[in-house]
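Shown next, in structure tokens, is the structure this report addresses.
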Amino acid sequence: MTAATNLEPRALGAVRYHVGGEGEPLLLLHGLAGSTRNWCEVLPELTEHHRVVALDFPGHAGSGALTRGATTADFAAVAARVLEAEGAAPALVAGHSFGGLVGLRLAQSRPELVRGLLLVSPAGITSSTRGAELVLLAASTIRPGRLVAPFRHRLARRGWYRRVVFRPWFVSDAIALSERATHGLLAEQARHTDTRTAGRALVADDPRFDLHRPPCPLLVLWGARDVQLPLEDAFEYARRLGSRLRVVADCGHLVIVERPHAFLDALAEVAAS
């Protein structure tokens, strides 16, 4: 078990993932430039009720990269192989940001693997615009997280450090962000080898051209003060998918660490559907 996540690290070829807990299978899909450790605020409770399978996407946190030109469908295929290797299907699937779009593609392409789907601030609509493409590709080249992460050991408990790193692009209230969450968001930044391929896959996939509802319970969860992905995207996702929508007050893009109980409540609703 890793001390940071209390999950057992495993590998399927070059892909890293983590497993732990008992109960109904749950697949966790992190966002662009994220990792399994992004789920640090919710993992303790999740492993009490679920057999958690948390994927580190290719190019992220030590997982080998996909070939140049890979699509969100290719990332979804990786997630499918991990579920099948673990015998964990059908599973509940929770995806954040880029992971939300990949989770949607997984549920659409392999519906037999997905029992329910929670989309947490899923990317794909605004992030498919030209302006977003330039920002994402610049960020995946410069990798600002890698530059600030080494200071987290001394500064994670300092409010000014959390404001500089996370406010306003990622969170609504950086002061309220926990020290554990700060470490969870930054710890694997140095291990990313290719976030650019995922970024290109994201901007190339505008879900509005193929946004049919998968045949499973579905809920969209969104922070009301998300600066990265505007609330208008949440309404469009919910309308086009015909899904329920929960909006979390005073919350930015990183719902899973800003408002962990909102995430847990939303997942419980999907699981009970």
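The values are calculated or read from the model by the stated rules, or taken from the named source; none is laboratory data. What you see is a predicted model, and the numbers here were worked out from it, not measured in a lab. Reconstructed Cβ throughout: ideal geometry from the backbone, glycine too, with neighbour counts over all protein chains shown.
In segment 148-169, the residue that is nearest to the chain's Cα centre (by Cα) out of those that are in a loop (DSSP other than H, G, I, E, B) and buried (at least 16 other Cβ atoms within 10 Å of the Cβ) is Arg167. Looking only at residues in segment 29-46 that are touching a strand residue (DSSP E or B) at 6+ places or on another chain (Cβ under 7 Å) and over 21 Å from Ala149 (Cβ atoms), the one that is surrounded by the most Cβ atoms within 10 Å (Cβ to Cβ) is Leu29.
Going by the structure shown, is Gly223 within 16 Å of the chain's Cα centre (by Cα) and within 19 Å of Thr36 (Cα to Cα)? The answer is no for Gly223.
From the list Gly124, Gly99, the lone residue that is closer than 13 Å to Tyr237 by Cβ and within 18 Å of the chain's Cα centre (by Cα) is Gly124.
Just one of the listed residues (Ala65, Ala107, Ala76) is of a type in the set (Gly, Ala, Ser), at pLDDT 85 or above, under 16 Å from the mean Cα position of the chain (by Cα) and under 17 Å from Gly34 (Cα atoms), namely Ala76. Evaluation of Ser172 against the conditions (1) at pLDDT 95 or above; (2) surrounded by 16 or more Cβ atoms within 10 Å (Cβ to Cβ); (3) not β-branched (Val, Ile, Thr) shows that the sole unmet condition is (1). Among residues that are among the acidic types (Asp, Glu) and not in a loop (DSSP other than H, G, I, E, B), Glu48 is included.
Being aliphatic (A, V, I, L, M) and more than 14 Å from the chain's Cα centre (by Cα) is the filter; apply it to segment 187-200 and report the residue that is nearest to Ala65 (Cα to Cα). The selected residue is Ala190. Within segment 80-101, is there a residue that is among the β-branched types (Val, Ile, Thr), out of contact with any strand residue (DSSP E or B) (no Cβ under 7 Å at 6 or more places or on another chain) and either within 20 Å of Asp265 (Cβ to Cβ) or surrounded by 23 or more Cβ atoms within 10 Å (Cβ to Cβ) (or both)? So far as segment 80-101 goes, no, none of its residues is among the β-branched types (Val, Ile, Thr), out of contact with any strand residue (DSSP E or B) (no Cβ under 7 Å at 6 or more places or on another chain) and either within 20 Å of Asp265 (Cβ to Cβ) or surrounded by 23 or more Cβ atoms within 10 Å (Cβ to Cβ) (or both).
Being within 30 Å of Ser63 (Cα to Cα), in a strand (DSSP E or B) and of a type outside the set (Phe, Trp, Tyr) is a property that Val220 has.
Evaluating Ala76 against the criteria (1) touching an Asp or Glu at 6+ places or on another chain (Cβ under 9 Å); (2) without any contact (Cβ under 8 Å) to a residue 40 or more places away in the chain leaves one unmet condition, (1).
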